[in-house]
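Participant: If you scroll down you'll find the structure; I have some questions about it.
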Amino acid sequence: NQCLQMLVLKYNNLTAVGARRIGDLLRSTVPLAGLDLSHNMLGDEGFKELYSALRENSSLTSLSLRANGLTNASQLLLHD
């Protein structure tokens with residue numbers, strides 16, 4: 001039984017709409033361990049789409065959001 005362990009979506013021009021879909025994936029039964037969303041265009045709006053899914057997900061151990069235009073407000077939420 002194989003499963004997806006790491007999903008790399010860097011440099012894909014993802015926005016808040018894409019972040020919403022990724023949030024749906026994180027809420028699913030897929031036991032994803034790593035997610036790389038670096039160098040996209042998520043911004044704070046996209047981060048808000050991901051935030052609740054991240055809090056509900058217990059399998060994710062690695063997350064990269066580098067170069068997504070996040071402000072300090074989003075970064076502070078991430079470290080809560």
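Results for (1) of a type in the set (Lys, Arg); (2) over 11 Å from the mean Cα position of the chain (by Cα); (3) within 17 Å of His79 (Cα to Cα), shown as yes or no for each residue.
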residue	(1), (2), (3)
Gly18	no, no, no
Ile22	no, no, no
Ser28	no, yes, no
Ser52	no, no, yes
Glu56	no, yes, yes
Leu63	no, no, yes
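Participant: Same structure, new question: Could you count how many residues in the range 64-76 are crowded, with 16+ Cβ neighbours inside 10 Å and either among the hydrophobic types (A, V, I, L, M, F, W, C) or assigned to a helix (DSSP H, G or I) (or both)? Before you say what the answer is, go through the steps one by one.
Facilitator: The initial filter retains those residues of the range 64-76 that are crowded, with 16+ Cβ neighbours inside 10 Å, namely 65, 68, 70, 74.
Imposing the further condition that a residue be either among the hydrophobic types (A, V, I, L, M, F, W, C) or assigned to a helix (DSSP H, G or I) (or both) reduces the set to 65, 70, 74.
The number of residues fulfilling the criteria is 3.
Participant: Here is a further query. When only residues in the range 5-55 that are among the acidic types (Asp, Glu) and in contact with a helix residue (DSSP H, G or I) (Cβ under 6 Å, 6 or more places away or on another chain) count, which is modelled with the lowest pLDDT?
Facilitator: Quick first cut of the range 5-55, residues among the acidic types (Asp, Glu) only: 24, 36, 44-45, 49.
Then keep just the ones that are in contact with a helix residue (DSSP H, G or I) (Cβ under 6 Å, 6 or more places away or on another chain); that gives 44-45, 49.
Numbers: Asp44: 95, Glu45: 95, Glu49: 92.
Per the stated criteria, the residue is Glu49.
One line per residue, one yes/no per condition, for (1) out of contact with any Asp or Glu (no Cβ under 9 Å at 6 or more places or on another chain); (2) hydroxyl-bearing (Ser, Thr, Tyr); (3) closer than 23 Å to Cys3 by Cα:
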position	(1), (2), (3)
Asn13	yes, no, no
Ala19	no, no, yes
Arg27	no, no, yes
Ala33	yes, no, yes
Asp36	yes, no, yes
Asp44	yes, no, no
Ala73	no, no, no
His79	yes, no, no
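Participant: Within the range 21-46, can you find the residues that are under 18 Å from Tyr11 (Cβ atoms), of a type outside the set (Lys, Arg) and not in a loop (DSSP other than H, G, I, E, B)? Show your work before the answer.
Facilitator: Quick first cut of the range 21-46, residues under 18 Å from Tyr11 (Cβ atoms) only: 21-22, 34-43, 46.
The next check asks that each one be of a type outside the set (Lys, Arg); those that pass are 22, 34-43, 46.
Hits for the range 21-46 are Ile22, Gly34, Leu35, Asp36, Gly43, Gly46.
Participant: While we're looking at this one, here's another question. Listed residues Leu7, Leu50; which is in a strand (DSSP E or B), surrounded by 13 or more Cβ atoms within 10 Å (Cβ to Cβ), without any contact (Cβ under 8 Å) to a residue 60 or more places away in the chain and not basic (Lys, Arg)?
Facilitator: On the way: Leu50 fails: in a strand (DSSP E or B).
Only one candidate passes the filter, namely Leu7.
The values are calculated or read from the model by the stated rules, or taken from the named source; none is laboratory data. A quick note: this is a predicted structure, and the numbers were derived from the prediction, not measured. We place every Cβ from the backbone using ideal geometry, glycine too, and count neighbours over all the protein chains shown.
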